[in-house]
Amino acid sequence: MRTTVDKCVSAENRIEVVGWVDSKRDHGKLTFIDIKDHTGVLQVVGRNLLRDLNLGDVISVYGEVKKRPEKMVNPNLPTGDRELVAESYAIVNKSGPLPIPTEGDGYEVSEDMRLRYRYLDLRRERLQKNLRLRSNLFHELRGYLRQYGFIEIETPLLTKSTKEGARDFIVPSRTYPGCCYALPQSPQQYKQLLMAAGFEKYYQFARCVRDEDPRADRGFEFTQLDLEMAYVNHETDILWRVEQILRAAMSKARVPFSEPKDCNTKEWESCRFQVLTYGDALEKYGTDKPDIRTVGEKELGTLAFCWVVRFPMFKPAKDAVDKIDSKSDWTFMHNPFSAPIPNNVQWLLKGDNIAQITAMQFDLVCNGLELGSGSIRSHRSDLLAATFKIMGYSDDEIKESVGHMLEAFDLGAPPHGGMALGLDRLVMLACGEQNLKEVVAFPTSTTGRTSVMDAPCEIRKDQRKELGL
Ligand code: ASP
């Protein structure tokens, strides 16, 4: 009977297993191999058999499962107390010499080789575990979002630039020569429009693309859990619900995190994660991405979450990246759609005390890394227009940039707010990894090249012509 490696439990049983030759040891008449499938590895013994096999060959082996002699038991392997004594085998697909090892953790292999042969790299147990944890977490998050009434809606990939403070990836149009689409930096405007459309609770596992210099904790592409809720007026309306979903999903997916203690002041008491204002975080930790773990929690690799709230709405536009979206000396701190706290509305409308305007904006921080951010939005057109005015936009430029949002807000948009949670970063922390590439199936390299397939690459002359390039 054909079975998987993990099911080879009962000894004295004749079975057939298919999989890769994962390791091989020759001892004269006896050849030992480990056969590997998606459930694990199993030792196979061949008497005058299996000798011609190479690492990476896909084989099918038939034989009898036997208990290993006492002193040969490997306690570190779930199948370590048994082995398959091969009686016959067939090579299903012969492999050439493997260019990278598929056992071990693979950290020592160069990035170049790991990404070029990513399908081999992914065979290693560490990456198999990481991607399975990712899948479990996504599955649990979806379940809880649905349970709490969120509905999943996809938004376009070919779209217009939305302002998230990074360069866009541009896609030239064939039908409108000289014109381009932008790939979404986030579904920000669409999700707000969905609130205007009457979907009170939206979510999406959104693929976003930003042309920023890649780092260990940031790539060109990323996946975020993007959500938005209507009829929310205070940040806590969002925060407590997100915490609830996140804590439940992480518990189910067996991600260790430190259960929050009740430690918040009255205004934030509905939140379980610790809430720090931007000012408090800077004063107490010297950063707006505080690591609130105890020494013990650090040693155990536990995740400790906190919220940082009430950021300044604007910051001085200093460098080239700040100037992508701003036409004055000021740019937004998070995105331009955040609302000011009620006390600061007049300052925003008049453009007074710009540095002091505080936004109803928040970040979720975990172990010193920003995991996500969100805000209560400006759902009135005068507030959104005032934000752009402070960033130096003329009336025409405002209309050209976000006229459609102003129009929607003037057609009965309910108050709303939401956030986006960086799922790659969350999974990276949950897996105890230091680099996002370890939790993404086909990441781009540090220099921005794709895994396995060689992009970016030149396009054909006729494509260029068709696109008017
Ligand atoms: N669009 C924001 C981002 O991607 C998140 C949000 O405010 O919902 O960072």
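Could you tell me, in Å, what Rg and Dmax come out for the Cα atoms of region 194-253?
14.6, 39
Mind running the shape call on region 407-469? Use the C-alpha gyration tensor, a ≥ b ≥ c as the square roots of the eigenvalues: rounded below 1.5 for a/c, prolate if a/b tops b/c, oblate otherwise.
Oblate, since a/c reaches 1.5 and b/c is not below a/b.
Between their Cα atoms, which of K298/K323; K191/K327; K160/K315; K399/K437; K66/K437; K163/K350 are more than 28 Å away from each other?
K298/K323; K399/K437; K66/K437
Once you have the Kirkwood Rh of the chain from its Cα pairs, apply Stokes-Einstein at 25 °C and 0.890 mPa s and quote D in µm²/s.
96 µm²/s
Provide, for q = 0.17, 0.27, 0.30, 0.34 Å⁻¹, the log10 of I(q)/I(0) from a solvent-free Debye sum over equal Cα point scatterers in region 75-116.
Listed by q, the Debye log ratios stand at -0.83, -0.95, -1.02, -1.16.
Taking amide H positions as placed in the peptide plane 1.01 Å from N, state which residues far from S23 in sequence (5 or more) or on other chains have amide H under 5 Å from it.
Excluding prolines and chain starts, which carry no amide H, the hits are D34.
Tell me, what ³J(HN,Hα) does each residue in region 168-178 have, in order and in whole Hz, if you take phi through Karplus 6.51 cos²θ - 1.76 cosθ + 1.60 with θ = phi - 60° and put x for Gly and Pro?
8, 8, 10, 10, x, 8, 7, 7, 10, x, x
Label region 45-104 by shape, choosing from rounded, prolate and oblate, from the square roots a ≥ b ≥ c of the eigenvalues of the Cα gyration tensor; if a/c is under 1.5 it is rounded, and otherwise prolate applies when a/b is larger than b/c, oblate when it is not.
Oblate shape, in that a/c is at least 1.5 and b/c is the bigger or equal ratio.
Which ³J(HN,Hα) values in Hz, rounded to whole numbers, follow from the phi angles of region 271-280 under the Karplus curve 6.51 cos²θ - 1.76 cosθ + 1.60, where θ = phi - 60° and Gly and Pro get x?
Once θ is set to phi - 60°, the couplings for region 271-280 become 8, 9, 5, 4, 10, 10, 6, 3, x, 5 Hz.
Once you sort the root eigenvalues of the Cα gyration tensor of region 1-134 as a ≥ b ≥ c, which label holds: rounded (a/c under 1.5), prolate (a/b larger than b/c) or oblate (the other case)?
Verdict is prolate for region 1-134.
List every residue whose amide H lies under 5 Å from the amide H of T331, counting only residues 5 or more places away in sequence or on a different chain, with H placed 1.01 Å from N in the peptide plane.
Amide H neighbours of T331, under 5 Å, 5+ apart: K315, A317.
What does the convex hull of the alpha-carbon atoms of region 337-449 project to on average, in nm²?
With every direction weighted equally, the projected area is 10.1 nm².
On a straight-distance basis, which aspartates and glutamates could pair with K71 in a cross-link, Cα separation under 15 angstrom, same-chain partners fewer than 8 positions away excluded?
By straight Cα distance, K71 reaches D81, E83.
What is the local net charge at N54, summed over the other residues whose Cβ is closer than 9 Å to its Cβ (Lys, Arg +1; Asp, Glu -1)?
0
Going by average Cβ density within 10 Å per residue, which order do the peptides 352-364, 49-61, 102-114, 449-461 take, highest to lowest?
Working: 352-364: 20.2, 49-61: 17.8, 102-114: 14.0, 449-461: 11.2.
In descending order of packing, they fall as 352-364, 49-61, 102-114, 449-461.
On a straight-distance basis, which aspartates and glutamates could pair with K318 in a cross-link, Cα separation under 17 angstrom, same-chain partners fewer than 8 positions away excluded?
Leaving aside aspartates and glutamates fewer than 8 places away in the same chain, those within reach of K318 are E164, E212, D329.
Thinking of region 270-351 as a set of Cα atoms, what percent of all their pairs are more than 23 Å apart?
Roughly 41 percent, rounded to a whole number.
Within region 195-216, find all residues whose amide N lies under 12 Å from a label point positioned 7 Å from the Cα of D322 along Cα-to-beta-carbon.
Once the point is set 7 Å along Cα→Cβ of D322, nothing inside region 195-216 turns out to lie under 12 Å by backbone N.
Given a cut-off of under 8 Å on Cα pairs at least six residues apart, what relative contact order in percent is computed for region 353-420?
37 percent
Using θ = phi - 60° and the Karplus curve 6.51 cos²θ - 1.76 cosθ + 1.60, what whole-Hz ³J(HN,Hα) does each residue of region 316-332 get, with Gly and Pro shown as x?
Couplings: x, 7, 9, 9, 4, 5, 4, 7, 4, 9, 9, 10, 10, 7, 10, 9, 6 Hz.
Tell me, how many Å apart are the Cα centres for region 1-80 and for region 184-256?
Each part's Cα centre sits 45 Å from the other's.
Under 21 Å Cα to Cα from K266, which lysines show up? Leave out anything in the same chain fewer than 8 places away.
K284
Mind giving me the nanometre distance, one decimal, between the label points for R14 and R132, set 7 Å out from Cα along Cα→Cβ?
3.0 nm
With +1 assigned to the C-beta of every Lys and Arg and -1 to the C-beta of every Asp and Glu, and no other charges, what is the dipole magnitude of the chain about the Cα centre in debye, to the nearest 20?
Charge dipole of the chain: 1200 debye, to the nearest 20.
Readers should treat all values here as calculations from the given coordinates under stated rules, not as data from a laboratory. In this text the structure is predicted, and so the values were computed from the model without any measurement. Because the Cβ atoms are built from the backbone with ideal geometry, glycine has one as well, and the counts that use them run over all protein chains shown.
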